[in-house]
Amino acid sequence: MSNTPNFIAELVRAANETERLTAVEVTRMLDRAIATVQELREQAGITPIVGRDALIYVQTVSAGSDRVPREEWHHGLLHAAEMIRDLHIVVDSGTRINITARRP
């Protein structure tokens, strides 16, 4: 996981240079980010709550990168970078998280 900070920087750079990217490149980066988030969540013991997963937005932008505006690429890439950064901090600290859904 030592490449995680480099990947975060790569996502932020890409978010700030969307005019240089193609839809295929955005999809590849976001798909890699999705896999990274899922791996980090597993390491931290986090199970997402169905229907309330923040990763859904990133997955939506990835799946529709050829149809959404570049502004969505920007937001999707930054959102992915933020999630990875936060999860990396949690995993690096050795913290385990147990999330339970509250009933309304």
Inset, instruction - Enumerate the calculated ³J(HN,Hα) couplings along segment 8-18 in order (Karplus 6.51 cos²θ - 1.76 cosθ + 1.60, θ = phi - 60°), each rounded to whole Hz, writing x wherever the residue is Gly or Pro. - result: 4, 4, 5, 5, 5, 4, 4, 4, 8, 9, 4
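Please work out the FRET efficiency for the pair residue 20 and residue 89, using the Cβ-Cβ distance as r and a Förster radius of 41 Å; give the result to the nearest 0.05.
The computed FRET efficiency comes out at 0.90.
If I stretch the segment between residue 12 and residue 28 completely, what's the gain in nm (0.36 nm per residue apart, minus their alpha carbon distance), one decimal?
Here the segment from residue 12 to residue 28 would lengthen by 4.3 nm.
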Legend entry - Rg to Rh quotient for the chain, alpha carbon positions, Kirkwood Rh: 1.00
Legend entry - Stretchable slack from residue 82 to residue 96, in nm (0.36 nm times residue separation minus alpha-carbon distance): 3.2 nm
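Readers should treat all values here as calculations from the given coordinates under stated rules, not as data from a laboratory. Keep in mind that this is a model prediction, so the values were computed, not measured. Because the Cβ atoms are built from the backbone with ideal geometry, glycine has one as well, and the counts that use them run over all protein chains shown.
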